[in-house]
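A quick write-up on the structure given underneath.
What follows is calculated from the coordinates using simple rules that are stated; it is not laboratory data. Every value quoted in this text rests on a predicted model; they were computed, and no experiment measured them. When we count neighbours, we look across all protein chains shown, and the Cβ atoms used for this are built from the backbone with ideal geometry, even at glycine.
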Amino acid sequence: MNQAVPKNNRKPRPKAVVDKSLCVACGCCVKVCPLSAIQIMKGVTARVDSTKCVGCGKCVRECPASVIMLKEAAS
Ligand code: SF4
Ligand code: SF4
């Protein structure tokens, strides 16, 4: 019914974050993301949609420039 206040004690899942200043826009992360949570913005940098990302880490392992990290989502 009222879902305004979530009541669980689980840690939030981390989210992927791209260092945009170092991204080379190769698109490798886009291809491996199972949730289609990453887009290449204006052909210059990857951007993660944190509402879709589940923190699986596939993009982190795939990035040839090592510019994706998993970070705890801000509450
Ligand atoms: S951590 Fe997983 S779900 Fe999140 S953007 Fe990377 S590949 Fe997609
Ligand atoms: S794999 Fe890495 S370098 Fe390539 S687009 Fe994604 S974040 Fe950028």
From the residues in region 40-75 that are assigned to a strand (DSSP E or B) and closer than 18 Å to Ala25 by Cα, which one is nearest to ligand 1 (Cβ to nearest atom)? Val48
Boolean, Val67 is under 9 Å from the mean Cα position of the chain (by Cα) and near ligand 2 (Cβ under 10 Å from one of its atoms): no
